[in-house]
Amino acid sequence: MNNKDFDQIYQNYKQQGEDQARLEQEKDDSDLEHIAAVRKNDDGDIIAFKTTSGRELDYLTALNEAKSGKLSDVDVFHRYGRDIIRSEPDGIKKNNLSNLDTF
């Protein structure tokens, strides 16, 4: 097997993941809120979130709601000694938290 085959196999794998993510996002019929926009401080750090229902959540409230499963399409992980909210790693860059509209 040459390098071209490895590259093609990886590209197929990556495309399948992106296709699956789109399908899951399209058929998401849950009543859970999604994060629609973010507020950043002067350093570019996300400090607040706006949901699809229009609620504005400070970082800690959003973190607790994400942990309890009340917010869709986000994950909480522990790094740098604290919990951090991030969008689900679905291969779709436009729904990454850092790429969302600001409010």
Pairs needed: first member in region 39-62, under 15 Å from ILE84 (Cβ atoms); second member anywhere, of a type outside the set (Val, Ile, Thr) and in a loop (DSSP other than H, G, I, E, B); C-beta distance under 7 Å; at least 6 residues apart or different chains.
ILE47/ASN41
Sort out which residues of region 84-102 are more than 21 Å from ASP42 (Cα to Cα) and not basic (Lys, Arg), and write them in order of number.
SER87, GLU88, PRO89, ASP90, GLY91, ILE92, ASN95
Every residue in region 46-77 that is over 20 Å from ASP101 (Cβ atoms) and in a loop (DSSP other than H, G, I, E, B), please.
SER68, GLY69, LYS70
If I ask for residues that are over 23 Å from ASP43 (Cβ atoms) and surrounded by fewer than 16 Cβ atoms within 10 Å (Cβ to Cβ), which ones from region 65-83 would you list?
LYS67, SER68, GLY69, LYS70
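From the list ASP31, ASP43, which one is under 28 Å from GLN16 (Cα atoms), among the acidic types (Asp, Glu) and assigned to a loop (DSSP other than H, G, I, E, B)?
So the residue among ASP31, ASP43 that is under 28 Å from GLN16 (Cα atoms), among the acidic types (Asp, Glu) and assigned to a loop (DSSP other than H, G, I, E, B) is ASP31.
Matching residues to (1) at pLDDT below 95; (2) over 14 Å from the mean Cα position of the chain (by Cα); (3) of a type in the set (D, E, K, R):
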residue: LYS14; (1), (2), (3): yes, yes, yes
residue: ILE47; (1), (2), (3): no, yes, no
residue: LEU63; (1), (2), (3): no, no, no
residue: PHE103; (1), (2), (3): no, yes, no
What residue, among those in region 18-43 that are more than 23 Å from GLY69 (Cα to Cα) and modelled with pLDDT under 95, is surrounded by the fewest Cβ atoms within 10 Å (Cβ to Cβ)?
ASP19
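The values are calculated or read from the model by the stated rules, or taken from the named source; none is laboratory data. All figures in this text were calculated on a predicted structure; none of them were measured in a lab. Because the Cβ atoms are built from the backbone with ideal geometry, glycine has one as well, and the counts that use them run over all protein chains shown.
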